[in-house]
1. For the residue pair L172 and E73, what label-to-label distance in nm results when each label sits 7 Å from Cα along the Cα-to-beta-carbon direction?
2. Expressed in nm to one decimal, what extension gain is obtained for the pair Y133 and K256 from 0.36 nm per residue of sequence separation less their Cα-Cα distance?
3. With only Lys, Arg, Asp and Glu charged, each at its Cβ (+1 for the first two, -1 for the last two), find how big the charge dipole of the chain is about the Cα centre; round to the nearest 20 debye.
4. Roughly speaking, to the nearest percent, how much of segment 114-207's 1.4 Å accessible area is carbon and sulfur?
5. Sort segment 147-205 into rounded, prolate or oblate with this rule: let a ≥ b ≥ c be the square roots of the eigenvalues of the Cα gyration tensor; rounded if a/c is under 1.5, and if a/c is not under 1.5, prolate when a/b is larger than b/c, oblate otherwise.
6. Relative to the present Cα-Cα distance, how much length would full extension add between S31 and D43 at 0.36 nm per residue of separation?
7. What is the distance in Å between the Cα centroid of segment 116-193 and that of segment 194-211?
8. Starting from the amide H of M208, placed 1.01 Å from N in the peptide plane, find each other amide H under 5 Å away whose residue is 5 or more places distant or on another chain.
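The values are calculated or read from the model by the stated rules, or taken from the named source; none is laboratory data. Computed from a predicted model, the values in this text were never measured in an experiment. Virtual Cβ from ideal backbone geometry, glycine too; neighbours counted across all protein chains shown. Quick note on the areas: whole protein, heavy atoms, side chains included, nothing else; ligands and nucleic acids left out. Shrake-Rupley method; radii C 1.70, N 1.55, O 1.52, S 1.80 Å.
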Amino acid sequence: MKLNWRQKDFESDIDFILFHQTDDTPTWWKSELYRAHPSLNFDYAQSLSQEERFEYLTDNLRKIRNDKQADIENSIHMFENAWEPVASKLNDAYSSAFDMDCSGILNDMVGLVGLNPICPRDLSDNSFSVYYYFDPNYAVATALHEITHFVWFYVWQQHFKDDMAEYNFPHLKWLLSELVVETIIRNSDIAKLTPPPEYIAYKYFYSMDIDGKPIFDTLHNMYTNRKSFPDFMETAYDWIRKNEPELRTKIAAAEK
C-alpha cells in the first residue's frame with residue numbers, strides 16, 4: 001500500500017465542487033464550501049440560477065486558487081511530512097483490520113490537494129481530494145478514512161464480484177461504506193496510526209438510532225464478533241438492506 005500527494009488540477013476540482021452545488025443539493029452539503037471559503041457569498045449564490053451559480057463559483061474559486069497557490073504547495077509538503085511516519089505502518093494496520101495481507105494492494109493511491117472541503121474519492125484510480133487548509137494531522141486522518149474505503153471496496157469486490165458502479169453515491173453499498181469506516185478505524189490498529197478525529201463518519205450518524213439501537217453500537221458488535229471479514233460484510237449488508245427505509249428517512253431529515 002502506497003500513497004502519494006500532489007495538487008488536484010483545477011478543472012477536476014471544480015467539477016467535484018459543483019456536483020454538490022446543484023439546485024437540488026441539500027443545504028447540509030452546499031454550505032461546507034462557503035464555510036471553507038468565506039469570500040464566497042452563500043445567499044447571493046443561492047439567488048442565482050444553477051448555470052449562473054456555477055459560473056460565479058468557477059470564476060471566484062479560480063481566483064482563490066491563484067491567490068492560494070503558494071499555500072497549496074506548502075500544504076502538500078506538510079501533508080507529505082505528516083504522512084511519512086504513517087506510511088511504514090500502513091500495511092500491518094490494514095492487514096489486521098481486514099483479516100488479510102494488504103501489502104500487495106493499492107500501491108497507486110493519490111491524495112489530491114485542492115479547494116474542496118468535502119473530499120470526494122474516485123475508486124477508478126484510487127484517488128481522493130483533500131482540502132489544502134486542513135491541519136496536517138487531520139489530512140492524515142482524512143487519508144486513512146479514504147484508504148479504508150478503498151480497501152473495503154477492494155475486499156467487497158473480491159467477495160461479491162458485483163457491479164462497481166454501485167459503490168458510488170447514492171447507492172446503498174456506498175452508504176454502508178460511509179458507516180463502516182467509523183467502525184473499522186475506531187476498533188482496529190488503524191486508530192493507532194494517528195489520533196482519530198471526533199467524527200470519522202458523517203456527524204449526524206452519531207446521534208442516529210436504527211431499529212431502536214445506535215448505529216455504531218450495532219456495527220461495533222458485528223465487527224468485533226465477526227467470524228471473518230466477509231462475514232462482517234454480509235451481516236452489515238443484510239442489516240442495512242433491512243433498515244434502508246428508516247435510514248434514508250433519517251438522513252434526509254438530517255441534511256435539510
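1. 5.0
2. 41.6 nm
3. In debye, rounded to 20, the chain gives about 480.
4. C and S atoms contribute 51 percent here.
5. oblate
6. Answer, rounded to one decimal: 3.3 nm.
7. If you average the Cα positions of each part, the centres end up 14 Å apart.
8. Distant-sequence amide H within range of M208: I215.
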